[in-house]
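Asker: This is the structure I want to talk about, given as structure tokens.
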Amino acid sequence: MDFVKNLDTDTSLLILSCLDDPSDLVRASAVSRSWREFVIRYGLSKNLCFKLFHQLTCVDRVIEASNEESSGSSSSSLMAETKLLEREHKAFALLAKGSTSSPIRSCIADAIIASSTDNFPEESILNTLDERDKIGATPSYWSSSGQHNTSVPETLLYKLKGDLCVVTEFSIHPFQAYFQRGAPIYSSHYVRFRLGHLDNNSQENNNYVWTYTSQQFAMAQENRLQTFKLPEPVVCIGGYMLIEFLGRVQTQEGDGLYYICVAHVRVMGRSLAKSFRLVDPDESGKFGLKVVCYCDPKEMGETEEEEEVVEQRPFRQMRNLEQLLNFLHRHPMDVEYVWPESDDEEEDDDAGSDGEV
């Protein structure tokens, strides 16, 4: 018996809602035409996405790259609604599958800014992207400015690999100053994580909307990579992550001030950059979901893995001026520079060459 045809709608919904694996729901939609129409009409893929990740309830429309919000369509309202439901079914089925089965990898794309830096660029936030606490004989870490008050917080801001990332855990390696007497470790008492997006409609520069804030995790004053696993995976909507360091532990013997120093930061999760983009997120958290590519979730992240290999090369491409300055400062190169002539000499040359071809 085809229960979808013979049972009432509520009972059929109750049965099919027991499918909590995106693949099973897609298979159910392929059983017959009546099952497919039922799954699409009642948005079961969308409901499963919302059930798995409540942050996705902020999606208010689905856009396909091939036909972005085609306006002025001559099709009937019923046909337009059917196409909309089919588009949502495909998009949310892919989103649910990618959010649960795409490869788990490092999700940080770049370091943006720190709330303070003691010595720039030697102790820049960009040093936290490298897993090593030493590059050759040179220490590699970020250091905050010194404070008398232990309660002054510090923050580090990062861009993730994609507008949508399913984050599973964070890791932080406090820096141990092996070159100072006693080899102190400059950790913080606690750490907290925020995930969100940049509000492009705000009149203020760099105004971020944080849609998720984690609990406070206690940090150990130990020279190791400390991992903080979230109670459940969280979808980062917008691709920005803020780390808050709360409470200072260690003073520097030279000036008696409290510092926080970090050797390495890592975020693990599933990047959905290969398939999805965010469109016009607002302050309330609502956004459009743009489908860039309907690719196999198992293939998601291959591009990111290739980028990580490139990042590990000794002379990787510098992504911005800050990183270039930091690299040159730490690794001076034996290069003979040819300086341009002074402005006075250039003016003399120009005067002497008037009328000459």
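Asker: Go through (1) at pLDDT below 90; (2) touching a Leu at 6+ places or on another chain (Cβ under 6 Å); (3) β-branched (Val, Ile, Thr) one by one and return the number of the condition VAL292 breaks.
Answerer: VAL292 satisfies every listed condition except (2).
Asker: Can you tell me how many residues within the stretch 4-22 are under 20 Å from ARG87 (Cβ atoms) and out of contact with any Leu (no Cβ under 8 Å at 6 or more places or on another chain)?
Answerer: Number satisfying all stated conditions: 0.
Asker: Here is a follow-up. Filter the stretch 261-274 down to the residues that are in contact with a Pro (Cβ under 8 Å, 6 or more places away or on another chain) and not charged (D, E, K, R) and list them by number.
Answerer: Within the stretch 261-274, CYS261, VAL262, ALA263, GLY269 qualify.
Asker: Same structure again: Out of (1) over 16 Å from the mean Cα position of the chain (by Cα); (2) closer than 21 Å to PRO22 by Cα, what's the single condition that is false for ALA273?
Answerer: ALA273 satisfies all of (1) over 16 Å from the mean Cα position of the chain (by Cα); (2) closer than 21 Å to PRO22 by Cα except (1).
Asker: Which condition number does ALA273 fail, the rest of (1) under 19 Å from ILE108 (Cβ atoms); (2) assigned to a strand (DSSP E or B) being met?
Answerer: Going through (1) under 19 Å from ILE108 (Cβ atoms); (2) assigned to a strand (DSSP E or B) one by one, ALA273 breaks only (2).
Asker: If only one of PHE179, PHE175, PHE120 is crowded, with 22+ Cβ neighbours inside 10 Å, of a type in the set (A, V, I, L, M, F, W, C) and in the same structural domain as ILE260 (by TED's automatic domain parsing), which one is it?
Answerer: None of the others qualify; the one that does is PHE175.
Asker: Residue check: is SER143 surrounded by 15 or more Cβ atoms within 10 Å (Cβ to Cβ), over 18 Å from VAL292 (Cα atoms) and either at pLDDT 90 or above or not polar (S, T, N, Q) (or both)?
Answerer: Criteria met by SER143.
Asker: Right, here's the next one. For the stretch 37-49, which positions are buried (at least 16 other Cβ atoms within 10 Å of the Cβ) and assigned to a helix (DSSP H, G or I)?
Answerer: Hits for the stretch 37-49 are PHE38, VAL39, ILE40, LEU44, SER45, LYS46, ASN47, LEU48, CYS49.
Asker: Further question on the same structure: Among the residues that make up the stretch 222-230, is at least one of them assigned to a strand (DSSP E or B), under 18 Å from SER144 (Cα atoms) and not assigned by TED's automatic domain parsing to the domain that holds PHE50?
Answerer: no
The values are calculated or read from the model by the stated rules, or taken from the named source; none is laboratory data. On a predicted model such as this, the values are computed, not experimentally measured, just so you know. Cβ sites come from the backbone with ideal geometry, for glycine too, and all protein chains shown count toward neighbours.
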